[in-house]
1. So how many residues does the stretch 198-220 have that are in a loop (DSSP other than H, G, I, E, B), of a type in the set (Gly, Ala, Ser) and either out of contact with any Phe, Trp or Tyr (no Cβ under 8 Å at 6 or more places or on another chain) or not assigned by TED's automatic domain parsing to the domain that holds ILE248 (or both)?
2. Answer with yes or no whether LEU244 is over 26 Å from ARG352 (Cβ atoms), assigned by TED's automatic domain parsing to the domain that holds HIS403 and at pLDDT below 75.
3. Just one of the numbered conditions (1) crowded, with 17+ Cβ neighbours inside 10 Å; (2) under 21 Å from the mean Cα position of the chain (by Cα); (3) assigned to a helix (DSSP H, G or I); (4) not polar (S, T, N, Q) is not true of GLU378; which one?
4. Would you be able to tell me the number of residues in the stretch 110-153 that are surrounded by 14 or more Cβ atoms within 10 Å (Cβ to Cβ), among the hydrophobic types (A, V, I, L, M, F, W, C) and more than 31 Å from the chain's Cα centre (by Cα)?
5. Return the residues of the stretch 285-318 that are of a type in the set (Lys, Arg), under 14 Å from ALA186 (Cα atoms) and in a helix (DSSP H, G or I); say none if nothing qualifies.
6. Tell me yes or no: at least one residue of the stretch 39-52 is outside any loop (DSSP other than H, G, I, E, B), over 21 Å from PHE311 (Cα atoms) and in contact with a Pro (Cβ under 7 Å, 6 or more places away or on another chain).
7. Let me spell it out: the conditions are (1) modelled with pLDDT of 95 or more; (2) under 25 Å from THR386 (Cα atoms); (3) in contact with a helix residue (DSSP H, G or I) (Cβ under 6 Å, 6 or more places away or on another chain), and TRP52 meets all of them except one. Which number is the exception?
8. Name the pairs: first residue in the stretch 51-66 and over 14 Å from ASP154 (Cβ atoms), second residue part of a loop (DSSP other than H, G, I, E, B) and among the charged types (D, E, K, R), Cβ to Cβ under 7 Å, at least 6 apart or on different chains?
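The values are calculated or read from the model by the stated rules, or taken from the named source; none is laboratory data. Keep in mind that what you see is a predicted model, and the values were worked out from it rather than measured. Here the Cβ is made from the backbone with ideal geometry for all residues, glycine too, and neighbour counts use every protein chain on show.
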Amino acid sequence: MTVLYKPKPLTETPTDCVVEDIPAGTFRVNRAALADEAVFRDETRAIFERCWLYVGHESEIPEPGDFRARDVGDRPLVLWHGHDGVRRVFYNSCRHRGALVCRVPEGNTRSMSCFYHAWTYGSTGALNGLPGQEGYGPTFDRAGMGLHSPAKVDSYRGFVFACFDPGAVDLRTYLAGAAAYIDLVADQAEAMEITPGAHEYSADANWKLFVENSMDGYHLLPVHTTYFEYLEKVEGVRPNPGSLDEGIDLGNGHAAVKLRGPWARPVARWTPVLGEQNRERVEAAYAELVRKHGPERADLIGRVDRNVLIFPNLIILDLMGVVVRTITPTAAGHTKITQWSLATAGEDADMRARRLENFITFQGPGGFATPDDLEALEACQAGYRTGAGVPWSDISRGMHREHSGQSCGSSDERQMRAFWRRWQKLMSAR
């Protein structure tokens, strides 16, 4: 038996939070890891201050001056396309007294001025305006008072990440096997872009429950029955549990679930929901994938569905359309979700409208899937009030296959165990 994480004795937290017993075929998580505020504070330092975190997509700031302001790991950042052509990430905090420099979510500007004392910064982050500079004396280092950036900033295939730890490995090393899955998304078209707008919602549940749920093929049929009844009515087909493909450990806590669903995919799989007028477009898009990548990789890019976890809190849902989702913890029992639709750049207006309708219908806050998921996760969080009465959650499904070298289906829980093993490693090293 291996005890994977023992939290520091800050509270009455149980001694062992993650326990894997390979001979017994069990993997259990103490529910304090999902409910205890001391654990939440520990993981803020051990995970969110050390891991690479998704900031945004390069397509969101295509022109010089374009910017997006958002919280990343609950820290306010600005993603800004400088007028020198360089895309940068800055802390959204004035160097003077700390107020938010940018107080709107997006726009285009050559400079940003702090409303408090009017310190002004250019799109390269330099301090360009300083009222009453003579009051600071001749040794004041104006050049050194520009906006600060996180310790590391980098991008991969258009996905921009930041890391607050100067000692962290480079982004490509961090991504490990997940990079190949980002490639499968980026290769769907000559260029991909985030469509305007985002879904933002929250729930009274721990952030790790959202991560698990995003990678959990086990709950798909029992929880989302209403959607599959709708799909059968519209498309004439229902998913076959036997078609659920595989759960994969991609290293460094990253994981993926692969499956083949019956729903439409605008780059490869036409169904009536996309409209008869778009059949030729879909077939042509898939033919182009075959031409560029060959039939085997084209099938993998266009006809194999996948959910991908980039540890700790980025989910890429590549199903009926590509959804990019961030999961931000704000307390042990509360989480914020933001998600965007990633689409083929410059696609036909009717196809874009149908893609977004699918996005809203299934993944939207009022769609078929999301309310079901939120109810399930909040029910779990409520159940954790049993405390020491029912202390353990079981994540053992498929362990006998994983440790005997067999393939794990996506309804197994290998992908969640990959997440939890990385979680415990970082928590133990803090």
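1. Step one: of the stretch 198-220, the residues in a loop (DSSP other than H, G, I, E, B) are 198, 204-206, 215-219.
Filter once more, so that each one left must be of a type in the set (Gly, Ala, Ser): 198, 205, 217.
If we keep only those that are either out of contact with any Phe, Trp or Tyr (no Cβ under 8 Å at 6 or more places or on another chain) or not assigned by TED's automatic domain parsing to the domain that holds ILE248 (or both) as well, we get 205, 217.
Of the residues in that region, 2 qualify.
2. On the way: over 26 Å from ARG352 (Cβ atoms): yes; assigned by TED's automatic domain parsing to the domain that holds HIS403: yes; at pLDDT below 75: yes.
Yes.
3. Of (1) crowded, with 17+ Cβ neighbours inside 10 Å; (2) under 21 Å from the mean Cα position of the chain (by Cα); (3) assigned to a helix (DSSP H, G or I); (4) not polar (S, T, N, Q), only one is false for GLU378: (1).
4. 4
5. Initially, the stretch 285-318 is screened for residues of a type in the set (Lys, Arg), giving 291-292, 297, 303, 306.
Next, only the ones that are under 14 Å from ALA186 (Cα atoms) stay: 292, 297, 306.
Within the stretch 285-318, LYS292, ARG297 qualify.
6. Of the residues in the stretch 39-52, the ones outside any loop (DSSP other than H, G, I, E, B) are 39-48.
After this cut, where a residue has to be over 21 Å from PHE311 (Cα atoms) as well, the list is none.
Within the stretch 39-52, none of the residues are outside any loop (DSSP other than H, G, I, E, B), over 21 Å from PHE311 (Cα atoms) and in contact with a Pro (Cβ under 7 Å, 6 or more places away or on another chain).
7. (2)
8. Correct list of pairs: GLY65/ARG110.
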